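Please read the structure below before turning to the comments.
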Amino acid sequence: MTSNISARPRRSVLYMPGSNARALEKGRSLPADGLILDMEDSVAPEAKAEARAEIKAALDHGGYGTREIGVRTNAFDTEWGDDDVTAVASMACHAVVLPKVETKEMVLHAVDLIEKAGAPDTMAIWCMMETPLAILNAKEIAFAHPRVGCFIMGTSDLAKDLKCRHTPDRLPFLYSLEACILAARAAGISILDGVHLDLTDDEGFRASCEQGRDLGMDGKTLIHPKTIGAANEVFAPSANEVAWAQKIIDAHAEAAAAGKGLVVVDGKLIENLHVEEAKQLLSLSDAIAKNDASNGE
């Protein structure tokens, strides 16, 4: 499978409570690449039906620009799960965000529900990887169906089940993160890092973003708008990276035109794989620029 680095930017994806009309309105003006309108953790049991209706009304109204919209349903083992997924199938969003996905069969059940409800072919399923069994089954989940478009790490729930701690280096999560990155890249889908819970810890948040980027994540899931800017900055190619990518592409093209098979730029051997990576990086940079212009950043 090929990398999806040239796909739409997912540097910052913000959770927003679906039962909060004010929050849903604010989402139209935030510089996040994506929003996850939530029916699950941020919504009290007595407000579940209200959240479903509020989200549908907000999406019908529109105004979210180029922001990618996912709607997180309740889990299948709750009384709301099946009805939530069926309802999202007819909403004006890009993805159904399934919590606590653990098996291929859960993905296929969601696919069956949305297709029976008439979901468009473009509607994706984003799988939240937040239990030990999910991590162990990452490969089968990633390859479960062509609609699977993204993994989202649910590190808060995972920490609870693993009985591990949220340490600054996130060492307790590294195996889980890497297992899901491997599965996602093998299947050619995106992967988003888990949230950073301490909103007073700006330095720790940035370090978490940088670690996720270095591991290979496409972006970060967020719980507060104030963290959008840092996530956007960390997960975007830097000016130096863009300049180097262009330099590689130009040098390779010049060498090819001269019939040369070997390219050396600033003492570094450049192969075809480096040129492909450079083109993907420029494509992502261009997509980010268009996103930011559309979203008013």
Problem - Verdict on His252 being in a helix (DSSP H, G or I), in contact with a helix residue (DSSP H, G or I) (Cβ under 7 Å, 6 or more places away or on another chain), open to solvent by less than 70 Å² (accessible area, probe 1.4 Å) and over 29 Å from Asp193 (Cβ atoms) - result: yes
Exercise for the section: Take segment 69-85 and flag every residue that is farther than 15 Å from Asp157 by Cβ, touching a strand residue (DSSP E or B) at 6+ places or on another chain (Cβ under 9 Å) and touching a residue at least 40 places away in the same chain (Cβ under 8 Å). Expected result: Gly70, Val71, Asp84
Problem - Residue under evaluation Ala49, criteria (1) more than 17 Å from the chain's Cα centre (by Cα); (2) assigned to a loop (DSSP other than H, G, I, E, B); (3) at pLDDT below 95, criterion not met - result: (2)
Problem - Any hit, segment 188-203, residues being touching a residue at least 12 places away in the same chain (Cβ under 8 Å), surrounded by 14 or more Cβ atoms within 10 Å (Cβ to Cβ) and in a helix (DSSP H, G or I) - result: no
Exercise for the section: Please indicate, with yes or no, whether at least one residue in segment 277-286 is basic (Lys, Arg) and either more than 19 Å from the chain's Cα centre (by Cα) or within 22 Å of Asp38 (Cβ to Cβ) (or both). Expected result: yes
Problem - Boolean, Val101 is under 18 Å from Trp80 (Cβ atoms) and in contact (Cβ under 8 Å) with a residue 60 or more places away in the chain - result: no
Exercise for the section: Residue by residue through segment 124-157, note down the ones that are over 21 Å from Ser176 (Cα atoms) and in contact with a helix residue (DSSP H, G or I) (Cβ under 6 Å, 6 or more places away or on another chain). Expected result: His145, Arg147
Exercise for the section: Might you check whether a residue that is over 24 Å from Glu130 (Cα atoms), over 14 Å from the mean Cα position of the chain (by Cα) and open to solvent by 40 Å² or more (accessible area, probe 1.4 Å) occurs anywhere in segment 1-19? Expected result: yes
Practice task
Return the total of residues in segment 240-270 being of a type outside the set (S, T, N, Q), more than 25 Å from Ile191 (Cβ to Cβ) and out of contact with any strand residue (DSSP E or B) (no Cβ under 8 Å at 6 or more places or on another chain).
Solution key: 15
Practice task
Spot the failing condition for His61; the list is (1) over 21 Å from the mean Cα position of the chain (by Cα); (2) open to solvent by less than 60 Å² (accessible area, probe 1.4 Å); (3) of a type outside the set (Asp, Glu), and only one is missed.
Solution key: (2)
Completion exercise
Inside segment 153-180, the number of residues satisfying the requirement of being in contact (Cβ under 8 Å) with a residue 24 or more places away in the chain, farther than 17 Å from Lys220 by Cα and in contact with a Phe, Trp or Tyr (Cβ under 9 Å, 6 or more places away or on another chain) is 1
Completion exercise
Residues of segment 163-184 being part of a helix (DSSP H, G or I), open to solvent by less than 70 Å² (accessible area, probe 1.4 Å) and out of contact with any Lys or Arg (no Cβ under 7 Å at 6 or more places or on another chain), in sequence order, are Phe173, Leu174, Ser176, Leu177, Ala179, Cys180, Ile181, Ala184
Exercise for the section: Can you tell me which residue within segment 64-91, out of those that are in a helix (DSSP H, G or I) and open to solvent by less than 30 Å² (accessible area, probe 1.4 Å), is nearest to Leu113 (Cα to Cα)? Expected result: Val85
Exercise for the section: Give the residues of segment 42-58 that are crowded, with 19+ Cβ neighbours inside 10 Å, of a type in the set (D, E, K, R) and out of contact with any helix residue (DSSP H, G or I) (no Cβ under 6 Å at 6 or more places or on another chain), sorted by residue number. Expected result: Lys48, Lys56
Practice task
Look at segment 207-249 and say how many of its residues are under 17 Å from the mean Cα position of the chain (by Cα) and in a helix (DSSP H, G or I).
Solution key: 17
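The values are calculated or read from the model by the stated rules, or taken from the named source; none is laboratory data. In this text, all values refer to a predicted model and were calculated from it rather than measured experimentally. Neighbour counts are summed over all protein chains in view; Cβ atoms, including those assigned to glycine, are modelled from backbone coordinates with ideal geometry. Note: areas computed on protein heavy atoms with side chains; ligands, DNA, RNA excluded. Shrake-Rupley method; radii C 1.70, N 1.55, O 1.52, S 1.80 Å.
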